[in-house]
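Down below is the structure, laid out as structure tokens.
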Amino acid sequence: MTRTTTIAAAVLSAAVALTLAACSSGSTGAPATSAAPAATETAAALEGSITVFAAASLKSTFTELADEFEAANPGVTVELNFAGSSDLVTQITEGAPADVFASADEKNMAKLTDGGLIEADAPVDFATNVLTIAVPPGNPAGIAAFSDLAKPEVKTVICAAQVPCGSATVTVEEATGVTLTPVSEESSVTDVLGKVTSGEADAGLVYVTDVIAAGDAVEGIEFPESGEAVNTYPIAPVTASANAEIAQAFIDFVTGSTGQGVLSAAGFGKP
Amino acid sequence: MSSRSSDTYAGVPGWVVTLAIIGAGFVLLPLIAMATRVNWGEFIPLVTSESSVAALWLSLRTSLTATALCVLLGVPMAVVLARTEFWGQKILRSLVLLPLVLPPVVGGIALLYTFGRRGLLGQSFEALGITIAFSTTAVVLAQTFVALPFLVLSLEGALRTVGTRYEAVGATLGARPTTVLRRITLPLVLPALISGAVLSFARALGEFGATLTFAGSLQGVTRTLPLEIYLQRETDPDAAVALSLVLVVVAVIVVAIAHQAGEADGFRLRRTAP
């Protein structure tokens, strides 16, 4: 996926560069020689490539944002690596070349600031996410409220307490006093969603953004208690980055109006 | 096995030995690297925690059940494939071995569409009051699905190698097909059957993708050791590494025991068969 993104990004940035070149030289007939003026014109702008490590739940938004960032900054290539936040932390700790880290929770970001891989004051919150109930289309089990998930005949799937969506689930359980007896505790939101879309489970607890991204495959049922566990997404440049300038520019882009627009369209809340 | 009794024969070129050593290092170094990361001071508490023990016990139980199922279904499959000819046999053989090359997650999705609540067979099961999804049965089914080809493949090869000579003699002496199978065919291929069963067990023990997709993950019910390791890694890398080592040790012990058993049987057969 990353490779496809990279290739697509390369093609896109090449196309943008050519277009710019054509404009600046005022000639559309000689693309081979027009590359030089383009280079001089964008010399003051950013140039190079960064690798962004982002939480799996940011896949569609960050893919879109990276494309737009590249379009706005020809000469810059953004490579994306999506995985669970704790996987990404492990990868960065083990020396993976990341320039920017966007985490799905503050806990995983703290692991890197504690480890000295990211400056303590560098992380900026850029989005929030809350849990919602996902049910198969038609809501066969007739779920209407959070407490319905605790009914013995309802097959509920949640995230295990070890992962961010699971600790949010525990927080909601504690706040509401409802104890769930899930048929499965999955290790990622994707797995929970998979059990719901396939109809194996009657209900699953996932993030609002997952339900929006899943389209018609699931229905979302919001519950007021979800406000008890708001998940905050921080983003920060990795200290060891060789392209700190581009890394910071990307972070500014994500926290800026374009980034916030894309994120809120996907269901993320403001930090 | 026979090469062990003869001395090392002089014909192995040096570069082959060199490559073999590199190959062995490639397999062994990661295991050593893992062992160096184990937090030995905490090792015992980590692997004896409630969730670890539950996962290990579940893994052993389900893998043994899956191996039994593999033998029960795989032996007849291998015999039919090796000893009969019918139209479409080659295609059938390739299809039966498909789980070998299929990514386990794909296997899990296929099982879901078969035995799941809305699956091909699952709907009938549901009507009978049998629910497979999220149960230990689902774990066993996933493990059997991915492990079965290992048994069929090794047994079918052995059946073809030993040929039908003894079976034919037995039949001319009046033995019925079941007697021939029980008294001649199976004893002849017993070492292959054992090694095939061990391979199946090892594959079942390591099964992850299909289980995660098809069975879910709940302590004591469907969360096998590989799933527990995957989950522990999120918060407690020390526990994950410790459990990984346990899984490796269990696998090594099982393979060693079965290898011994297989060799002993093979030796006995070789002496008595002619």
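The values are calculated or read from the model by the stated rules, or taken from the named source; none is laboratory data. Values in this document were obtained by computation on a predicted structure and should not be read as measured data. FYI the Cβ positions are ideal-geometry reconstructions off the backbone, even for glycines, and counts take in every protein chain you see. Accessible surface areas use protein heavy atoms only, side chains included; no ligands, DNA or RNA. Shrake-Rupley method; radii C 1.70, N 1.55, O 1.52, S 1.80 Å.
The table below lists the values:
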read-out	value
Rounded percent of accessible protein surface that carbon and sulfur make up, chain B, 1.4 Å probe	70
Label-point separation in nm, residue A:170 to residue A:114, each point 7 Å along Cα→Cβ	1.4
Point-charge dipole on Cβ atoms (K/R +1, D/E -1) for the stretch B:42-269, about Cα centre, debye to 20	1020
Inter-site label distance for residue B:22 and residue B:219 at 7 Å from Cα along Cβ, in nm	4.7
Residue A:184 long-range amide H proximity, modeled H, under 5 Å	A:158
Two-site FRET efficiency, residue A:121 against residue B:236, from Cβ-Cβ distance with R₀ of 35 Å, rounded to 0.05	0.80
Karplus-derived HN-Hα couplings along the stretch A:225-239 (A = 6.51, B = -1.76, C = 1.60, θ = phi - 60°), whole Hz, x at Gly and Pro	5, 4, x, 5, 10, 8, 8, 9, 9, x, 10, 7, x, 7, 4
Residues residue A:151 and residue B:124, FRET efficiency given R0 of 22 Å [Cβ-Cβ distance, rounded to 0.05]	0.30
Gain upon complete extension [residue B:50, residue B:256; 0.36 nm per residue less C-alpha separation]	71.4 nm
Accessible area of residue B:178 in the full protein assembly, 1.4 Å probe (Å², nearest 10)	100
Accessible-area ranking of A:155, A:111, largest first, probe 1.4 Å	A:111, A:155
Span-like helix ranges in chain B, DSSP H, alpha carbon extent 30 angstrom or more, Kyte mean at least 1.6	B:14-36
Gyration tensor (alpha-carbon) shape descriptor, the protein assembly as shown, a/c threshold 1.5	prolate
Solvent exposure ordering (accessible area, 1.4 Å, most first) of A:191, A:105	A:191, A:105
Lys/Arg +1, Asp/Glu -1 at C-beta; the stretch A:141-259 dipole; positive extreme among A:176, A:227, A:258	A:258
Cα gyration tensor, chain B - rounded (a/c under 1.5), prolate or oblate	oblate
Accessible area in square angstrom per residue, the stretch A:97-247, 1.4 angstrom probe	37
Three-way shape label, the stretch B:1-115, alpha-carbon gyration tensor, a/c 1.5	oblate
Considering only the protein assembly as shown, percent of DSSP beta bridges that pair antiparallel, nearest 5	50
Estimated 222 nm signal from helices in the protein assembly as shown, with DSSP H stretches of n ≥ 4 weighted -39500 (n - 2.57), rounded to 500	-18500 deg cm²/dmol
Accessible heavy-atom area order of B:201, B:145, highest first, probe of 1.4 Å	B:145, B:201
Accessible area (Å², 1.4 Å probe, nearest 10) - residue A:68	70
Solvent-accessible area per residue, Å², over chain B with all protein chains present [probe radius 1.4 Å]	56
Dipole axis of the stretch B:42-269 (+1 Lys, Arg; -1 Asp, Glu on Cβ), positive-most option in B:80, B:232, B:141	B:80
Only Lys, Arg (+1) and Asp, Glu (-1) charged, at Cβ; the protein assembly as shown dipole about Cα centre in debye	3760
Total lysine pairs under 26 Å (Cα atoms) in the protein assembly as shown, excluding pairs fewer than 8 apart on one chain	8
Probe 1.4 Å - accessible area at residue A:106, Å² to nearest ten	100
